[in-house]
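The values are calculated or read from the model by the stated rules, or taken from the named source; none is laboratory data. Given the structure is predicted, the values throughout are model-derived calculations rather than measurements. When we count neighbours, we look across all protein chains shown, and the Cβ atoms used for this are built from the backbone with ideal geometry, even at glycine.
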Amino acid sequence: MPSVCLYLQTHQPYRLKNFSIFDIGQNHDYFDTPANKNYLERITRKSYLPTNKLLLELIRQHRGKFKVALGLSGVLLEQLEESFPAVIEGFQKLTATGCCEILGETYHHSLAYLYSPSEFQTQVAMHNRKIKKLFNIQPKVFRNTELMLNNQMAKQVEGMGYQGILGEGADYILGWRSPNFVYQAKDGGKTKLLLRNYQLSDNISFRFSCRDWNEWPLTAGKFAAWIKDNQGRGEVINLFMDYETFGEHQWEETGIFEFLKNLPGEILKYPENNFQNPAEVIKLYKPKAELDFPNIVTWADTERDLSAWLGNKMQQEALQKIYSLENAIKETKNKKLLNTWRKLQTSDHFYYMCVKWFADGDVHKYFSPYESPYDGYITFMNIFNDLKLQLK
Amino acid sequence: MKVLMFGWEFPPFNSGGLGVACYGLSKALAKQGVEVLFVLPKKINCQVDFCRLIFADKNPIDAEKILKAAYLSPDIYGKITQGLFAGRGLIDEVKRYALLARAIAKRESFDIIHAHDWLCYPAGMAAKEVSGKPLIAHIHATEFDRTGGRGLNEQVYAIEKEGFSKADKIMAVSNFTKQKVVKHYGINPEKIAVVHNGLDLQQTAQKFYNSLNLGGFKKKFKIVLFLGRLTLQKGPDYFLLAAKKVLQKNPNVYFVMAGAGDLEAQLINSAIDLGIADKVIFTGFLRDENLTKIYQLADLYVMPSVSEPFGLTALEALGHGAPAIISKQSGVSEVIKNCLKVDFWDIDQMAAKILAVLQYPTLHQTLSRNGQTEVQNITWDNSAKTCLDVYNSVLG
């Protein structure tokens, strides 16, 4: 009886403004407020509002048989509260149905896990408070930034009160095994792992509008048949993707909303199928085996590792520098400085510095405010230097 | 396949990128099995093994000086050549080249004619008339690039336009240049193929890095390099304005201006007026070993061109491991990703980026390494392949 677990991740960073060397020590205005609002306005119009509306209709239409889980970064929620509260209301309507689960994560969509255990815990707690306040929900399953996962993390989130964690169903971890089961990590405590079926997920998020793809055009019926094909070969099919797939990465003109509209009905046509959210999945199914995640696995690019954020020296240095300020920033007890420092930890800033463009290119340039990764590094380092000056 | 190619200059008797490009392209074409008959207007003392050089005028007077002056406007050229020979200006030289080309075209056998820039278009057209063979007009720089659109020479413009219309196909060194030809000369874009220039990697083979410490100078000071003709098109004046801004922030920088040109005196005066004369070094025209050394000495190469059809020097600098800041108003910015780009007029951005490269070692290192790797793939062999495709399409 295969369950479908649909998880949509939504996040937008506070992009930085063009802060030149001549600005250092002159002003402390780092974020490009008008541009961020513009990006958000576009995404709200094209994706958040229509998708929220459609998801709510689907939940109502299928009387609770359609379910969806969401990842909502704190920095996105903050920006939406400020400028587009209607989107927050949309999320609230979804969670009020009881068919929409929200996962735990770092408030700042950061890589803090890699650099500072205490900062990581703080940011997760901040996110928890935000979700509690806005949705009155206590997340039970965790998802780290960009689906980062290793053995130790599985263990650590258990100690933080989570029962499960999401990860990438990377071939080099699974080997001959299927991603369509619940697993546990080696030395990862009792934490259950839900691994993304990247093939089926990417068929929607990347390939949906790709005319060179031999399965184009993709219909909900065809997709539901693929799900059925997995019957007997798995218990849960994890479809994890960016929320912005609907209406932004895949424009309305591609037919993505029609697809989403018909998908639950087509999947539920097969009586053995159902939709389950992560917290239910880990209750329903026992771990099939223990998997070894010695190194961090992510859902990015073809490498499925951290190279999109830490692949070059500029990224390594920028990250190392920003975390090197941790003690000094915390000692100031200045809330504004602390808040700024945290916003600078958002992983997107480092993603923009990735020079792997040439193959994985388009994805990295997407939403990047910079002409090149080098400009991203310059801006970040100028801001870092100004922030550091403020500490003296 | 046999090509009758008309050029104007050839290394080591060149004053800029045109000669370098002609050399690189013909050498790579020869590797593709193309027989190149390379015609030059005047006899110079140079020999190559990959193609046959034909000199239109076998007994010229002071050829080198005249060829070098060809980048200048016909008016300035006239002044320079006065006294060398009675009353003969650049336009007359170009016409005379065409007359001699006629005889060459009659004598030689070939499949296709390939002429580089306006200086050679009349020669190319004459050869086409005599032989009936198809003509390729290769455009390395238009009159609009040279003049910035101000004080256009009508005669030069007319020759360019006639060359474009009489040609069977046009090769432009970049999309940037192709757009100019479409916009300013009213040519159908379908007639224009883009053949980007390449880098001759042999040029970057010689390494002087270890011998270039200049007695500890490099430990304290950074060197930012401008290399190109000191003329309006190349934007040396913007380079000086950016230098002023950089020096206000970081006095430990020297700005080297390598090249000669009509703005030289004016630029020296500007450096004095800006109060930065002690930090700006004018080297004059450099070639061979000195050229290699200056690239390798540079911590950063800046190409602030106002209008740069291609910009071979950017490839050369990157090939030598110097990070580059290049003008967005250039053809080379279409082919290079691992560099910084600025609008030539945006002095603040230019200065800010210069300072960033000098201040952040990781940035310098990453740009240098990735830039050097990237240019390895921008070769004349690739240019020659594209060129050969164009030949074949014209010959049907």
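Listing for the model above:
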item	result
Residue under evaluation residue A:51, criteria (1) in contact (Cβ under 8 Å) with a residue 60 or more places away in the chain; (2) of a type in the set (S, T, N, Q); (3) within 26 Å of residue A:193 (Cα to Cα), criterion not met	(3)
Number of positions in region A:118-137 that are in a helix (DSSP H, G or I) and either of a type in the set (S, T, N, Q) or free of Cβ contacts under 8 Å to residues at least 12 places away in the same chain (or both)	9
Residue within region A:248-258 that is touching a strand residue (DSSP E or B) at 6+ places or on another chain (Cβ under 6 Å) and aliphatic (A, V, I, L, M) present	yes
Of the criteria (1) surrounded by fewer than 17 Cβ atoms within 10 Å (Cβ to Cβ); (2) closer than 27 Å to residue B:335 by Cβ, which one residue A:376 fails	(1)
Hits in region B:10-36 (condition: surrounded by 20 or more Cβ atoms within 10 Å (Cβ to Cβ) and either among the hydroxyl-bearing types (Ser, Thr, Tyr) or not in a helix (DSSP H, G or I) (or both))	B:10, B:14, B:15, B:16, B:23, B:26, B:34, B:36
From A:301, A:305, A:292, residue being under 26 Å from residue A:113 (Cβ atoms) and either within 14 Å of chain B (Cβ to nearest Cβ) or modelled with pLDDT of 95 or more (or both)	A:292
Top-ranked residue of region B:104-162 - restricted to ones that are of a type in the set (A, V, I, L, M, F, W, C) and part of a loop (DSSP other than H, G, I, E, B), ranked as farthest from residue B:181 (Cα to Cα)	B:110
Criterion (touching a Ser or Thr at 6+ places or on another chain (Cβ under 8 Å), among the β-branched types (Val, Ile, Thr), more than 25 Å from residue A:298 (Cα to Cα) and in the same structural domain as residue A:73 (by TED's automatic domain parsing)) met by exactly one of A:254, A:219	A:254
Test: residue B:381 is more than 10 Å from chain A (Cβ to nearest Cβ), without any contact (Cβ under 8 Å) to a residue 24 or more places away in the chain and closer than 24 Å to residue B:173 by Cβ	no
Wholly enclosed helices (runs of 4 or more DSSP H) of region B:263-341 bearing at least 2 residues under 19 Å from the mean Cα position of the chain (by Cα) and within 14 Å of another protein chain (Cβ to nearest Cβ)	none
Scope region A:345-378; condition touching a strand residue (DSSP E or B) at 6+ places or on another chain (Cβ under 8 Å), more than 9 Å from chain B (Cβ to nearest Cβ) and modelled with pLDDT of 95 or more; matching residues	A:345, A:346, A:347, A:349
Strands (runs of 3 or more DSSP E) fully within region A:141-235 counting 2 or more residues that are charged (D, E, K, R) and modelled with pLDDT of 95 or more	A:192-196
Test for residue A:279: is it of a type in the set (Gly, Ala, Ser), in a helix (DSSP H, G or I) and assigned by TED's automatic domain parsing to the domain that holds residue A:384	no
Breaking point among (1) over 23 Å from the mean Cα position of the chain (by Cα); (2) within 27 Å of residue B:334 (Cβ to Cβ); (3) assigned to a loop (DSSP other than H, G, I, E, B); (4) not charged (D, E, K, R), for residue B:251	(2)
Within region B:342-370, tally of residues that are at the interface with another protein chain (Cβ under 10 Å from one of its Cβ atoms) and closer than 22 Å to residue B:196 by Cβ	3
Scope region B:277-298; condition surrounded by 19 or more Cβ atoms within 10 Å (Cβ to Cβ), in contact with a strand residue (DSSP E or B) (Cβ under 9 Å, 6 or more places away or on another chain) and among the β-branched types (Val, Ile, Thr); matching residues	B:280, B:294
Subset of region A:19-49 that is within 14 Å of chain B (Cβ to nearest Cβ) and assigned to a helix (DSSP H, G or I) - its residue that is surrounded by the most Cβ atoms within 10 Å (Cβ to Cβ)	A:21
